[in-house]
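Please read the structure below before turning to the comments.
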């Protein structure tokens, strides 16, 4: 058994890393949360978007030498376009003209996005090959006593929190945000107030995809060699757990859920090993669904 | 007994029975290469019928069905490797473990509806895989290596029996009181409960069958692979393919899972030699297409657009 001070140091380091990771997880989950909260669509292809965002950052860095932090806005623009395309190609068929989104519609979009996820990840496997790649990016680190904290991690964590805050402001303080929230609460009433449901749902989906792909770009700085066509298979379930933890439709909930999961995974690893830490993080979902189906916030 | 009337009363069931009998009689003369393909096709069909019990009959989409396959596989590997049981007895053990686990998971997860059930089953499967990886008795994540030899004919008849039981059970469950209850749950669970359908019990009943057969099929799958390894046993792609087969074939139908199995197995087998993973592009696009355009699946679409088939296939 290692002596106590080593364990304390490990826990403090795990906590800090967990918080940094949790902020980026929260940003990724925010993308899922937006589609889930606005259009009642649980996007199973969410993990594939994270993967595409990460590859976007990788290729921009490889061919144009972009800093991974600078690739995030470009990724977000691509995500916006992809989200609008996705809405009109897939969701519009199912959601068009609906007064309320029923369980049946939810299942149709769930299955449709599941098919997409299977197709996209395997298409990426052929296009990008299955090798793990990464972006060499070192922004230096700060030292506090014995702790060495990578600056890149702090940058992406701060940027993630800023984006989450901006989304919160957008949803609560602007006309568009009010329209989006009105749509998610009551479609017929929103229409009576002169809101175009198609436009609102499409913009919401585009916004969600933009945020997700930016999150994928940020993730590349935390995992130096973690880009792989199948990485989505890990980040999608993590995002589901985060959204359920925070409550679908609550943007701050994503941040709370993300931090919880980041800390559980990074501190849990020290005592339980990687496998069990992830298993605990995944299974957190079950008691939350049983005891607080609205999310842990309230 | 008027044979003609019996035949007319359930043409799909008799058609499937005829198909199985032909396979059984032909069995010993099938060339080995074709036999291995058929074993895999029947395995896929068996997985599809297993998923059909829960996703097809109640509309509860499970993304984590591979958890039953994986635990069934590990149960098989453990009793055969450690206690020296006969592999066939191991299949029964795999089925029993699948059943018990389904009762356990089902009694919690079946309380969640729609997407919550899908997500709860998905994370359960991921967590179960991670837990199995660190259990020393189950090979510490290295797997259990068993070299039992190549016995295609035994495998063939084993999966044949499993599939036969599943087809019979699907018919029995859909044609009777239970079937009415399940259809009521699928279209509106609250209304069904209000009318006195014991939804929780019925759902658990079909989920238990689903787990039992997935466990048995998972055990047989690793028997053909001569060993239990965590990655292939808990490959999430199995869950996804099971779901794809049921969606393509037709949710809750008797013939659908078999058609879906063929539709998924053909690209699977074709692309194996062309490009690894390409089959999932085809399957994924098919699933998206069916979900949005033909939600009833092949069988439902045939019944809808070809009136003469309406009384024949189900």
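Quick note: the coordinates plus some simple rules give every number you see, no bench work behind them. Because the structure is predicted, anything quoted here is derived from the model rather than measured. When we count neighbours, we look across all protein chains shown, and the Cβ atoms used for this are built from the backbone with ideal geometry, even at glycine.
What's the FRET efficiency of residue A:166 with residue A:271 using the Cβ-Cβ distance as r and R₀ = 35 Å, to the nearest 0.05? Write down the numbers at each step before the final one.
On the way: r = 36 Å, r/R0 = 1.04.
Efficiency at R0 = 35 Å is approximately 0.45.
Tell me what chain A gives for mean residue ellipticity at 222 nm when only DSSP H runs of n ≥ 4 count, each as -39,500 (n - 2.57), the sum divided by the residue total, rounded to 500 deg cm²/dmol.
Result for chain A, helices only: -25500 deg cm²/dmol.
How far, in nm, would the chain grow between residue A:6 and residue A:146 when pulled straight, counting 0.36 nm per residue and subtracting the alpha carbon separation? Write out the running numbers ahead of the final one.
Working: separation 140, 0.36 × 140 = 50.40 nm, distance 1.07 nm.
Length gained, residue A:6 through residue A:146: 49.3 nm.
Classify region A:39-81 from the C-alpha gyration tensor, please: rounded if a/c falls under 1.5, else prolate or oblate depending on whether a/b exceeds b/c. Present the calculation step by step, with values, prior to reporting the outcome.
Values: a/c = 3.54, a/b = 2.22, b/c = 1.60.
Since a/c reaches 1.5 and a/b is larger than b/c, the shape of region A:39-81 is classed as prolate.
Just want to confirm a number: the relative contact order over chain A, from Cα pairs under 8 angstrom separated by 6+ residues, in percent. Can you show the working numbers first?
Details: 500 pairs, mean separation 115.0, N = 298.
The normalised contact order for chain A reaches 39 percent.
Using just the C-alpha positions of region A:198-298 as equal point scatterers, what log10 of I(q)/I(0) does the Debye formula give at each q in 0.19 1/Å?
-1.07
Using the basic label-point model (7 angstrom from Cα toward the beta carbon), what is the residue A:15 to residue B:96 distance in nanometres?
With each label placed 7 Å out from Cα toward Cβ, I get 4.9 nm.
Can you give the FRET efficiency for residue B:169 and residue A:88, using 1/(1 + (r/R0)^6), R0 = 56 Å, r = Cβ-Cβ distance, to the nearest 0.05? Can you show the working numbers first?
Numbers: r = 43 Å, r/R0 = 0.77.
About 0.85, to the nearest 0.05.
I need the shape label for region A:246-298. Rule: rounded when a/c is under 1.5, else prolate if a/b > b/c, else oblate, with a, b, c from the alpha carbon gyration tensor. Write out the running numbers ahead of the final one.
Numbers: a/c = 3.34, a/b = 1.76, b/c = 1.89.
Cα axes put region A:246-298 in the oblate bin.
What translational diffusion coefficient, in µm²/s and rounded to a whole number, does the Stokes-Einstein relation yield for region B:19-83 at 10 °C and a viscosity of 1.306 mPa s, taking the hydrodynamic radius as the Kirkwood radius over Cα pairs?
Working: Rh = 14.3 Å.
D = 111 µm²/s.
Can you tell me how much longer the chain between residue B:235 and residue B:187 gets when fully stretched, taken as 0.36 nm per residue apart minus their C-alpha distance, in nm with one decimal? It would help to have the intermediate numbers written out before the result.
Working: separation 48, 0.36 × 48 = 17.28 nm, distance 3.14 nm.
Full extension of this stretch gives 14.1 nm more.
Treating the Cα atoms of the protein assembly as shown as identical point scatterers in vacuum, please give the log10 of the normalised Debye intensity I(q)/I(0) at q = 0.06 Å⁻¹, two decimals.
-0.33
Ranked by Cβ crowding within 10 angstrom, fewest neighbours first, how are B:71, B:36 ordered? Kindly include the intermediate steps, with their values, before the conclusion.
On the way: B:71 28, B:36 16.
Starting with the residue having the fewest Cβ neighbours, the order is B:36, B:71.
Among A:49, A:64, B:309, which comes first, then next, by fewest other beta-carbon atoms within 10 Å?
Working: A:49 32, A:64 10, B:309 14.
Least to most surrounded, the residues fall as A:64, B:309, A:49.
Kindly rank A:85-91, A:108-114, A:4-10, A:69-75 from highest to lowest mean number of other beta carbons found within 10 Å of each residue.
Numbers: A:85-91: 19.3, A:108-114: 23.9, A:4-10: 11.3, A:69-75: 21.1.
The peptides rank, most packed first, as A:108-114, A:69-75, A:85-91, A:4-10.
May I ask you to compute the full-extension gain from residue A:127 to residue A:103, defined as 0.36 nm times their residue separation minus their alpha-carbon distance, rounded to one decimal in nm? Can you show the working numbers first?
Numbers: separation 24, 0.36 × 24 = 8.64 nm, distance 3.56 nm.
Computed gain between residue A:127 and residue A:103 is 5.1 nm.
Take every residue in peptide A:279-292, count the Cβ atoms of other chains within 10 Å of its Cβ, and give the average of those counts.
Numbers: counts 11, 3, 4, 11, 8, 2, 8, 8, 1, 0, 8, 5, 0, 0.
Other-chain Cβ atoms within 10 Å of each residue's Cβ, averaged: 5.
Please give the residues of region A:101-121, grouped as numeric ranges, whose backbone N is less than 20 Å from a label point set 7 Å along the Cα-to-Cβ vector of residue B:285.
Residues passing the 20 Å test: A:111-121.
Compute the distance in nm between two label points, each set 7 Å from the Cα along the Cα-to-Cβ direction, one at residue B:145 and one at residue B:310.
6.0 nm
Do me a favour and compute the ellipsoid semi-axes for region A:1-93 from its Cα gyration tensor, root of five times each eigenvalue, largest one first, whole Å. Don't skip to the end; give the middle numbers.
Numbers: eigenvalues 232, 81, 17 Å².
Each semi-axis is the square root of five times an eigenvalue, giving 34, 20, 9 Å.
Can you list, largest first and rounded to whole Å, the semi-axes you get for region B:87-172 by taking the square root of 5 times each eigenvalue of its Cα gyration tensor?
Working: eigenvalues 147, 107, 21 Å².
Working from the Cα gyration tensor, I get semi-axes of 27, 23, 10 Å.
In Å, what is the Rg of the alpha-carbon atoms in region B:44-134, and how long is Dmax?
Answer for region B:44-134, Rg first and Dmax second: 13.8, 42 Å.
May I ask you to sort B:279, A:106 by Cβ crowding, counting other Cβ atoms within 10 Å and putting the fewest first?
Listing B:279, A:106 from fewest to most nearby Cβ atoms yields A:106, B:279.
Rounded, prolate or oblate, given the Cα gyration tensor of region B:132-287, with a/c below 1.5 counting as rounded? Before the final figure, lay out the partial values.
Numbers: a/c = 1.90, a/b = 1.54, b/c = 1.23.
Prolate, since a/c reaches 1.5 and a/b exceeds b/c.
How many Å³ per residue does the convex hull of the Cα positions in chain B occupy? Working shown, then result.
On the way: hull volume 46.2 nm³, N = 314.
Normalising the Cα hull of chain B by residue number yields 147 Å³.
Mind pulling the angle between the C-alpha long axis of helix A:4-39 and the longest principal axis of chain A? Nearest 10 degrees, somewhere in 0 to 90.
Tilt relative to chain A: about 10 degrees.
Starting from the Kirkwood Rh over alpha-carbon pairs, what translational D in µm² s⁻¹ does region A:109-179 have by Stokes-Einstein at 4 °C and 1.567 mPa s?
On the way: Rh = 16.7 Å.
It diffuses with D of about 78 µm²/s by this estimate.
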